[in-house]
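As structure tokens, the structure follows; a few thoughts come after it.
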Amino acid sequence: MKNFRNSAAQPSALPKQQGFTLVEVMISMVVLTIGLVALLGVLGYAMSATQNSQDLAVSKQLANEAIEGILTARETSNIPWSSIQNTGAGGIFLPGLQPVYNAGADGIIGTADDAASGEQTLQLPGPDGIFGTADDIFLPLTNYQRQIDIEPVVVNGTQLGNLRSVTITIQYQAPKLKVPKNYILTTFISQYQ
């Protein structure tokens, strides 16, 4: 007897295997690439923001330093009240943007004798991580300029002789954009301590 097999009773060929097509793989690679490019953009923005925050912190410190110098000069009576003005009004403070120099012989920032004392530097701890050791790093602040404006205060058309407005402007160049940025600190100073 011959063994005949019924072709209808036999299972058909192996079931179709499921998998990714080349088109699906290419689409997923494009989506992944777009995500990675976006992530790199965020990383670049974060690095730029970190640099900007460091520049802003230095600007704040330079402005506060100038205000403290003016207040100290007034409180110690090193200079008369009439000298706490810009040079155009008979005072000792230079007008306009000036390089950031150390205080000169008079100990007051923003006056004519500052240039002789050299440019101010920022001292950072060196590779050992300890501040004040021989390996400290000194960064020049050549990227910054400081302007001190001292104006009389006028109320209802009357100038107040014992009160002045002090505006300190620190200008620095944003490294990536090459656009000057300003930090402005405004306060008032009175003749009285």
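Please treat every number below as a calculation from the coordinates, not as lab data. This one's a predicted model, so the numbers in the text were calculated from it and none came from an experiment. Every residue, glycine among them, receives a Cβ derived from its backbone with ideal geometry; neighbour counts consider all protein chains shown.
Summary value for the chain: 16 percent relative contact order, contacts being C-alpha pairs under 8 angstrom separated by 6+ residues. The magnitude of the dipole of the chain, with charges of +1 and -1 set on the Cβ of Lys/Arg and Asp/Glu and taken from the Cα centre, is near 1640 debye. Among THR111, THR187, GLN85, pick out the residue whose Cα is farthest towards the positive end of the charge dipole of the chain, where Lys and Arg carry +1 and Asp and Glu carry -1 on C-beta, about the Cα centre. About the Cα centre, the residue reaching furthest to the positive side is THR187. Proximity of backbone amide H atoms, modeled 1.01 Å from N, is registered between ASP136 and GLY126 at under 5 Å, excluding neighbours fewer than 5 places apart on the same chain.
Ordered by the count of other Cβ atoms within 10 Å of each Cβ, fewest first, ARG74, ARG146 give ARG74, ARG146.
Between helix 22-75 and the chain there is an angle of about 10 degrees, using the helix long axis and the longest principal axis of the Cα atoms. Scanning residues 5 or more positions from LEU122 or on other chains, those with amide H under 5 Å from its amide H are LEU139, LEU141, with H placed 1.01 Å from N in the peptide plane. For the chain, what is the calculated [θ] at 222 nm in deg cm²/dmol (nearest 500), taking -39500 (n - 2.57) for each run of four or more DSSP H residues and dividing by its residue count? Using -39500 (n - 2.57) per qualifying helix, the result is -10500 deg cm²/dmol. When LEU62, LEU185 are arranged by Cβ crowding within 10 Å, least crowded first, meaning fewest neighbours, the order is LEU185, LEU62.
Taking every alpha-carbon pair under 8 Å whose residues sit at least 6 apart, the range 58-132 reaches a relative contact order of 19 percent. In the chain, the DSSP beta bridges split such that about 95 percent are antiparallel, to the nearest 5.
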